[in-house]
1. Can you work out which of the residues in segment 144-181 that are part of a strand (DSSP E or B) and without any contact (Cβ under 8 Å) to a residue 60 or more places away in the chain is nearest to residue 97 (Cα to Cα)?
2. Return the residue satisfying two criteria in turn: it lies in segment 9-33 and is outside any loop (DSSP other than H, G, I, E, B) and under 16 Å from the mean Cα position of the chain (by Cα), and of such residues it is surrounded by the fewest Cβ atoms within 10 Å (Cβ to Cβ).
3. Whether any residue in segment 34-44 is in a strand (DSSP E or B) and either in contact with a helix residue (DSSP H, G or I) (Cβ under 8 Å, 6 or more places away or on another chain) or in contact (Cβ under 8 Å) with a residue 12 or more places away in the chain (or both) is what I want to check.
4. Of all residues in segment 45-75, count the ones that are part of a helix (DSSP H, G or I) and free of Cβ contacts under 8 Å to residues at least 12 places away in the same chain.
5. Using the structure shown, decide if residue 129 is farther than 16 Å from residue 52 by Cβ, assigned by TED's automatic domain parsing to the domain that holds residue 64, out of contact with any strand residue (DSSP E or B) (no Cβ under 7 Å at 6 or more places or on another chain) and surrounded by 15 or more Cβ atoms within 10 Å (Cβ to Cβ).
6. Report, by residue number, each residue of segment 192-216 that is closer than 17 Å to residue 11 by Cα and either buried (at least 18 other Cβ atoms within 10 Å of the Cβ) or over 21 Å from the mean Cα position of the chain (by Cα) (or both).
7. Under 6 Å by Cβ, and 6 or more places apart or on different chains, what pairs join a residue from segment 268-284 that is within 16 Å of residue 212 (Cβ to Cβ) with one that is assigned to a helix (DSSP H, G or I)?
8. Considering every residue within segment 149-170, establish whether at least one is under 15 Å from residue 237 (Cα atoms) and in the same structural domain as residue 246 (by TED's automatic domain parsing).
């Protein structure tokens, strides 16, 4: 597999990373046998970057259990500080130690501030975030730092310039190229030699699998042998400023398809005709999708017990595919 370098750290990273938020489940818990098989297969085929977080259920503990022996040194682990859980300085130190224990590691390769915008970052700074980072790095508990971004594009450069970050994680796909950090923000981060990690390349699955017939027809006409997911991954990896695309794979079929895309796609490798095809599909999707939701789940839990992402999914599918579902009336 070809690799892309994080300029700040000199680490060579696989262009596809394994996102451990949506691991396969069994009886509501991680299916350890199936998830282990997927992760080991990914590593054996060149994937060397795994992303998790404190808030991803028992994902950290699971990774700590299976990434032992020969696999322990084959991957870079990225996890995140749950900013919503930080009320005082000591919380950051206690949470980090808990994560190290869960992951069964002495040091975390990439440690991100989770789901921040300017307001939440300022709140962390008031609780001595920079002191925490400096101390943790000095003690060897974390090697490199960054943040995952969930805010308006106008604030993104301010956060990039606020500290000497090593990496940043942003939402980016052909449908959402101008939301949150935006394409311009990604270019700005790369100009600072910051590694760019991409989440939601398939927009929570909306850009993979079944799509509106008009969109599927456009893709099939351009290349009948390429899946909708392949188009989406190629589009993201085509960006020379993207270091690694994170994918939450839960089947061997998905994993092998993504591995193949990561192995063959180089920056700026898509043709003009292929880029035009994606642009035509994007226009179709924009005319059909009513709510710009990736079902990431960051809006949960709802204080009223409503499954918000599922409601958004049902609503969108009514217009994307003409599903009536439980609805008999038009919205």
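1. Step one: list which residues in segment 144-181 are part of a strand (DSSP E or B), which gives 144-149, 167-171.
Now drop any that are not without any contact (Cβ under 8 Å) to a residue 60 or more places away in the chain, which leaves 145-147, 149, 168, 170.
On the way: 145: 16, 146: 18, 147: 19, 149: 23, 168: 22, 170: 26 Å.
Going through the qualifying residues, I end up with 145.
2. Taking segment 9-33 and keeping what is outside any loop (DSSP other than H, G, I, E, B), we get 11-13, 16-19, 25-26, 29-30, 32-33.
The next check asks that each one be under 16 Å from the mean Cα position of the chain (by Cα); those that pass are 13, 16-19.
Values: 13: 22, 16: 31, 17: 25, 18: 26, 19: 24.
Here the residue is 13.
3. Within segment 34-44, the first condition is being in a strand (DSSP E or B), and the residues that meet it are none.
Looking for residues that are in a strand (DSSP E or B) and either in contact with a helix residue (DSSP H, G or I) (Cβ under 8 Å, 6 or more places away or on another chain) or in contact (Cβ under 8 Å) with a residue 12 or more places away in the chain (or both), one finds none in segment 34-44, hence no.
4. Going through segment 45-75, the residues part of a helix (DSSP H, G or I) turn out to be 59-66, 69-71.
If we keep only those that are free of Cβ contacts under 8 Å to residues at least 12 places away in the same chain too, we end up with 69-70.
Matching residues across segment 45-75 total 2.
5. Values: farther than 16 Å from residue 52 by Cβ: yes; assigned by TED's automatic domain parsing to the domain that holds residue 64: yes; out of contact with any strand residue (DSSP E or B) (no Cβ under 7 Å at 6 or more places or on another chain): yes; surrounded by 15 or more Cβ atoms within 10 Å (Cβ to Cβ): yes.
It is true that residue 129 is farther than 16 Å from residue 52 by Cβ, assigned by TED's automatic domain parsing to the domain that holds residue 64, out of contact with any strand residue (DSSP E or B) (no Cβ under 7 Å at 6 or more places or on another chain) and surrounded by 15 or more Cβ atoms within 10 Å (Cβ to Cβ).
6. First, the residues of segment 192-216 that are closer than 17 Å to residue 11 by Cα: 192-198.
Correct list: 194, 195, 196, 197, 198.
7. 277/222; 278/235; 280/218; 281/215; 281/218; 284/214; 284/215
8. From segment 149-170, those under 15 Å from residue 237 (Cα atoms) are 169-170; that's our starting set.
Filter once more, keeping what is in the same structural domain as residue 246 (by TED's automatic domain parsing): 169-170.
Yes: segment 149-170 contains one or more residues that are under 15 Å from residue 237 (Cα atoms) and in the same structural domain as residue 246 (by TED's automatic domain parsing).
The values are calculated or read from the model by the stated rules, or taken from the named source; none is laboratory data. Everything numeric in this text was worked out from a predicted model, so none of it was measured. Cβ sites come from the backbone with ideal geometry, for glycine too, and all protein chains shown count toward neighbours.
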